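Below: the structure, in structure tokens.
The values are calculated or read from the model by the stated rules, or taken from the named source; none is laboratory data. Predicted model only: the values in this text are computed from it and were never measured. Please note: Cβ atoms are built from the backbone with ideal geometry, for glycine as well, and neighbour counts cover all protein chains shown. With ligands, DNA and RNA removed, areas are computed over all heavy atoms of the protein, side chains included. Shrake-Rupley method; radii C 1.70, N 1.55, O 1.52, S 1.80 Å.
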Amino acid sequence: MDNIMEWLSNYAFDNDIGYIMTHYLEPDTPSTSDCEDRLVVVNMEWKNKEEVPFSFAHEIGHIMCGDEGKRYFKLENIKDKSEHHANLFAIKLLFNFCSDYGYSFNNPIKFCELFGIPTELEYVVATEMK
């Protein structure tokens, strides 16, 4: 799965989304998106390394869903409509990656673990797997 970040980078590039992958942020600084500038900043030093691919996909989702302003993932906002749409977009994007590389999943928990998707979103993954 090492190729996920490259795949997401290519997806961003193909959709006119700029991105910066930085090692200069504190581990508790979330990745962000600036929707007006179509720019994603990915914190490669995030405290939970396994969550980095999902956070990248999530921030891409904010831009692709037409959100406004600067956005960043906070678990407390998980029920916010734009956060839900970005989460759903990210999950579908990760399924597309798996399809492109021939990976198959039938267990939403394993899928979430692999891509660092918060456990609170397992129900969304399970719904999308059907």
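Where does the chain land at 222 nm, in deg cm²/dmol rounded to the nearest 500, when only DSSP H runs of n ≥ 4 count, each adding -39500 (n - 2.57), divided by all residues?
-14500 deg cm²/dmol
Explain nothing, just the number: relative contact order of the chain, from Cα pairs under 8 Å at least 6 residues apart, as a whole percent.
Details: 184 pairs, mean separation 27.1, N = 130.
Relative CO of the chain lands at 21 percent.
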Between the stretch 1-29 and the stretch 116-130, what is the C-alpha centre distance in whole Å? 22
Note, Val125: beta-carbon cut-off 13 Å, +1 each Lys/Arg, -1 each Asp/Glu, net -1
Give me the one-decimal nm value for the distance between modelled label points at Glu6 and Glu113, 7 Å along each residue's Cα-to-Cβ direction. 2.6
Taking only C-alpha positions in the chain, Rg and Dmax in angstrom work out to 13.5, 40
With point charges of +1 on the Cβ of Lys and Arg and -1 on the Cβ of Asp and Glu, referenced to the Cα centre of the stretch 1-124, which listed residue (His23, Phe105, Val52) lies farthest in the positive direction of the dipole? Phe105
Solvent-accessible area of Thr119, probe 1.4 Å, all protein chains present, reported in Å² to the nearest ten, please. 100
For labels at Lys47 and Cys98 in the simple 7 Å Cα→Cβ model, what's the distance in nm? 2.8
Rounded to the nearest 10 Å², the accessible area of Ser104 using a 1.4 Å probe with every protein chain kept is 110
Once phi for every residue in the stretch 50-55 is put through the Karplus expression 6.51 cos²θ - 1.76 cosθ + 1.60 (θ = phi - 60°), the whole-Hz ³J(HN,Hα) values, with Gly and Pro written as x, are 5, 8, 4, x, 5, 5
Would you tell me the accessible area of Asp28, worked out with a 1.4 angstrom probe on the heavy atoms of the protein chains, in Å² to the nearest 10? 100
For q = 0.16, 0.17, 0.20, 0.29 Å⁻¹, what log10 I(q)/I(0) does the stretch 1-54 give under the Debye formula with an equal point scatterer on each alpha carbon and no solvent? -0.46, -0.52, -0.72, -1.22
Would you please give the FRET efficiency between Glu128 and Lys81, computed as 1/(1 + (r/R0)^6) with r the Cβ-Cβ distance and R0 = 22 Å, to the nearest 0.05? 0.80
